[in-house]
Ligand code: NAP
């Protein structure tokens, strides 16, 4: 079939398919509406909005990015209850925003896209339910931390009680008065420790690697402040800006420069926090042997308090296997348990996968990404025209607000979409040389970061290179302000 001519393209409204109805998918829909595009569908495999906040419902779940920063810039919420609000409140916020902008009308829930192929100038979409669709553009809002990683521990299926991943919490299982094991000490496990101690009879935290923990108090926001934010949006905006600048100037600088005074400050705060642990043996067990922020930094208001509770038990012996009644460690001891929670993180190299993605001339994304995923500015992939990712590979991840990242990225993507809307071209994708050059520069810049100072972490790819944005956040903002069109292949 011949391609649409430029004239046809202009006479027909552009059609968009957005994959995923989480934070970035809702954002995409709102921004498309705002730009006057009405022909779009969000495909969501689950039955409601919310993405990561729909999936992560474990006890203690919250966002450790302060709430007045972790909301859309165009829809600030004066009613956040805490500096770092709990997960159910964040989920309700996203659902409210989706409702406010009538996004439901354009969303197909319970529909999982299984295959997309670029043919004859358009994307052809197939769903697992056998539906077919077509679109001029695909926006992949599929999330980063989405596919649970299950540990390779012997006997995982032998445990006779409930066993589930932190992102698949089984709410039919009561935890009150139970002996619960947590495997892992990432941000999820640390939040769960604070969320479960005092409710369960015994909490066993199986630690493979200790973590540095930055103390982040989480007070309630009082009524007076909420009322101020309701009646004076400028006051709320200035609170947001303060958080934004503080984060950009301090934390974002600390992680990209292992020799920075900002990182030294983070290290000092973490060390002082560890010193609050009174038992010297426990303190030593909790003491990491790598630099703070090498792994994704844990922010917690209460972890050390919770782990010092008499009902909490830190297990540092390596796990030998899981047995019907509990977990046996290499010292031969069986820790008898009622429930096991795998807080073992996510497969962070998936992005759009397992969707089968076929680009120009039959090129398969799975082959292009066989070694590892990559994307120019984490947005565009050579030979995959008119497909743009939000929070794609190697973007600013970790302790950053992914909402800010996605908003900046969408504004950038919109400028590329405009090229097609204006009839300047029909297909936009990054040139291979530009993508390669960007990746070379990125890999080089990661050498200065704290992420390569000697630790195991999900930031590191198969080569041990951080899969993240290694420059200042200000540089990201600058890059996102205006696409360098010479880096793009614009097919008429
Ligand atoms: P994670 O940081 O990847 O932590 C996984 C944990 O499981 C690590 O402690 C790891 O140990 C351990 N582990 C993995 N396999 C194991 C095995 N076979 N035996 C024993 N231990 C094993 O996962 P996560 O805690 O779910 O957090 C992932 C990311 O989600 C975070 O880094 C963060 O970006 C995001 N998150 C954000 C928030 C928030 O408030 N914004 C909250 C939760 C999560 P090692 O350290 O030894 O590898």
In Å, descending, principal axis extents of the Cα set of segment 51-94:
27, 19, 15
Length gained, residue 481-residue 311, 0.36 nm per residue minus C-alpha separation, equals 56.0 nm
Helix 187-196 versus the longest principal axis of the chain: what is the Cα-based angle in degrees, 0 to 90, to the nearest 10?
50 degrees
Neighbouring Cβ atoms within 10 Å as the yardstick, rank 320, 300 fewest first.
320, 300
Kindly express, to the nearest 10 degrees and within the range 0 to 90, the angle between helix 432-445's C-alpha long axis and the longest C-alpha principal axis of the chain.
30 degrees
Dividing the Cα radius of gyration by the Kirkwood radius, what Rg/Rh value follows for segment 127-172?
1.17
Calculate, axis by axis, the spread of Cα positions in the chain along the three principal axes, and write the results as whole Å, longest axis first.
74, 52, 44
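Looking at segment 282-411 from every direction and averaging, what is the projected area of its Cα convex hull in nm²? Before the final figure, lay out each step's value.
Details: hull surface 49.3 nm².
With the hull built on Cα positions only, its mean projection is 12.3 nm².
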For residue 100 paired with residue 257, estimate the spin-label separation in nm (one decimal), with each label point 7 Å from Cα along the Cα-to-Cβ line.
3.7 nm
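So for segment 324-395, Kirkwood radius off the Cα pairs, Stokes-Einstein at 4 °C and 1.567 mPa s: how many µm² s⁻¹? Mind showing how you got there, number by number?
Numbers: Rh = 15.3 Å.
In µm²/s, the coefficient is 85.
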Calculated P(r) of segment 10-84 - Cα pairs past 13 Å, %
73 percent
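If you rank 449, 57 by fewest surrounding Cβ atoms within 10 Å, what's the result? Could you put the intermediate results ahead of the total?
Numbers: 449 22, 57 17.
Ranked by crowding around the Cβ, least crowded first: 57, 449.
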Listed highest first by mean packing, meaning other Cβ atoms within 10 Å per residue, what order do 466-474, 180-188 come in?
180-188, 466-474
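For the chain, what does -39500 (n - 2.57) per DSSP helix run (n ≥ 4), summed and divided by total residues, give at 222 nm, in deg cm²/dmol to the nearest 500? Spell out each step's value before the answer.
On the way: 15 runs with 146 residues, N = 492.
So the calculated ellipticity at 222 nm is -8500 deg cm²/dmol.
Restricting to Cα pairs below 8 Å that are 6+ residues apart, what does the relative contact order work out to for segment 343-492? Please round to a whole percent. If you can, show how the numbers build up before the last one.
Numbers: 182 pairs, mean separation 37.6, N = 150.
It comes to 25 percent, rounded to a whole number.
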Directionally averaged shadow of segment 342-492, computed from the convex hull of its alpha-carbon atoms, nm²:
9.7 nm²
Considering every pair of different Cα atoms, what Kirkwood radius, in Å, is found for segment 81-205?
18.8 Å
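Order by neighbour count: 26, 340, fewest other Cβ atoms within 10 Å first, most last. Mind showing how you got there, number by number?
Details: 26 27, 340 23.
Ordered by Cβ neighbours within 10 Å, fewest first: 340, 26.
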Expressed in whole Å with the largest first, what are the equivalent ellipsoid semi-axes of segment 142-253 derived from the C-alpha gyration tensor as the square root of 5 times each eigenvalue?
37, 19, 15
Which distance in Å, rounded to a whole number, links the C-alpha centroids of segment 150-219 and segment 291-340?
8 Å
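Cβ neighbours within 10 Å, averaged per peptide: list 435-447, 36-48 in order, most packed at the top. If you can, show how the numbers build up before the last one.
Working: 435-447: 15.4, 36-48: 17.3.
So the order, starting with the most tightly packed, is 36-48, 435-447.
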Short version: what are the Cα gyration tensor semi-axes of segment 1-142, square root of 5 times each eigenvalue, largest first, in whole Å?
33, 17, 11
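What are the semi-axes of the equivalent ellipsoid of segment 252-333, taken as the square roots of 5 times the eigenvalues of the Cα gyration tensor, listed largest first and rounded to whole Å?
Numbers: eigenvalues 183, 52, 24 Å².
Equivalent ellipsoid semi-axes, largest first: 30, 16, 11 Å.
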Against the 2.2 N^0.38 Å scaling, with N counting residues, where does segment 391-438 land? I'd like the Cα-based Rg ratio to two decimal places.
1.38
By how many degrees, 0 to 90 and rounded to 10, does the Cα axis of helix 261-274 deviate from the longest principal axis of the chain?
40 degrees
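Each reported figure results from applying straightforward, stated rules to the coordinates on display, with no laboratory input. Predicted, not measured: the structure shown is a model, and the values here were computed from it. Cβ atoms come from the backbone with ideal geometry, glycine included; neighbour counts cover every protein chain shown.
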